[in-house]
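Taking it in order: structure first as structure tokens, then the write-up.
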2 protein chains.
Amino acid sequence: MTYAKTVAFTADQQQLARVAKALAHPARVAIIQFLASKQTCISGDIAAELPLARTTVSQHLQELKALDLIRGEIDGLTVCYCLNTELLRQVHQQFTAFFSEATAGPVCGPADACAC
Amino acid sequence: MTYAKTVAFTADQQQLARVAKALAHPARVAIIQFLASKQTCISGDIAAELPLARTTVSQHLQELKALDLIRGEIDGLTVCYCLNTELLRQVHQQFTAFFSEATAGPVCGPADACAC
DNA sequence: GGAATATGTCGCAAACATACGTCATAGTTG
DNA sequence: CAACTATGACGTATGTTTGCGACATATTCC
């Protein structure tokens, strides 16, 4: 990426890619699932549940927070992380729209002849 | 990634992350959308539609093909790329399951108190 | 066979991501 | 106040991604 010519991609494409990148690591997927499983917002002892060092997990949390996918409120000593369900719903719709567009066409499997 | 301890992540998490990574670049999102928009499978002149060099686009195509998200059949001189709509549908379901899980909980916005 | 065309492979350089140890900060508890 | 805990910031080492030009291959057309 000597210099990304991201100029010509649409905002939609870039937004989708940005969110996809957030999910592009098992640790971040696991973090979101973990937060979802706990009703109560859990602090950084998420690290205990993952095969990663605490600082690494913290870094992933920052990344998710940067996209506003999760929220973190300081509660005294611990930090209270929770999913931004509203945004996640939005993102879900975005993905659904994308996949609907992509799966609308005819199947073009190994045996099926594409029309070209 | 000195050494990835990916061992402890579930297969689901890794699979989701793998697909997400494929969508984690605007060029690949654009390629899929472009293939979807053309009923007829279009060859590598996809490159003409993107702000990238032909070889770079070819590389992205290979990446998508490696995940089997797209198919490519050689038709004489040109190559016929098309979406694997079947797999895309599956992936869509996978994402939907993930997002459903993630958005099931209560909203935890700025004003809403999380239960911790 | 030889020119033209479409395509992929290779190697490189710059940018980015990942993982982690060390340290600084801020709150809590005695 | 001092010891302790939870947390993020910083620096660093290593691996991965991205973009591209130069080259190789394969097909068509004359």
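Throughout, read-outs are computed from the coordinates displayed, never taken from laboratory work. Just so it is clear, the model here is predicted, and its values are computed rather than measured. Reconstructed Cβ throughout: ideal geometry from the backbone, glycine too, with neighbour counts over all protein chains shown.
Some observations on this one:
- The stretch A:74-89: number of residues that are loosely packed, with under 15 Cβ neighbours inside 10 Å and within 13 Å of DNA strand D (Cβ to nearest atom): 5
- Within the stretch A:20-35, being closer than 21 Å to B:Val19 by Cα and either aliphatic (A, V, I, L, M) or away from every other protein chain (no Cβ under 12 Å) (or both) holds for A:Ala20, A:Ala22, A:Leu23, A:Ala24, A:Ala27, A:Val29, A:Ala30, A:Ile31, A:Ile32.
- Hits in the stretch B:59-98 (condition: over 14 Å from B:Arg18 (Cα atoms), away from chain A (no Cβ under 11 Å) and more than 8 Å from DNA strand C (Cβ to nearest atom)): B:His60
- Candidates B:Thr40, B:Thr56: the one that is within 13 Å of DNA strand C (Cβ to nearest atom) and within 19 Å of the chain's Cα centre (by Cα) is B:Thr56.
- For A:Asp68, the criteria (1) surrounded by fewer than 18 Cβ atoms within 10 Å (Cβ to Cβ); (2) in a helix (DSSP H, G or I) hold in every case but one, which is (2).
- The stretch B:45-66 residues that are without any contact (Cβ under 8 Å) to a residue 24 or more places away in the chain, paired with ones that are more than 10 Å from DNA strand D (Cβ to nearest atom) and not in a helix (DSSP H, G or I) (beta carbon under 6 Å, 6 or more apart): B:Lys65/B:Gly72
- Some residue of the stretch B:39-56 being near DNA strand D (Cβ under 9 Å from one of its atoms), within 7 Å of chain A (Cβ to nearest Cβ) and either in a strand (DSSP E or B) or within 27 Å of B:Gln15 (Cα to Cα) (or both): no
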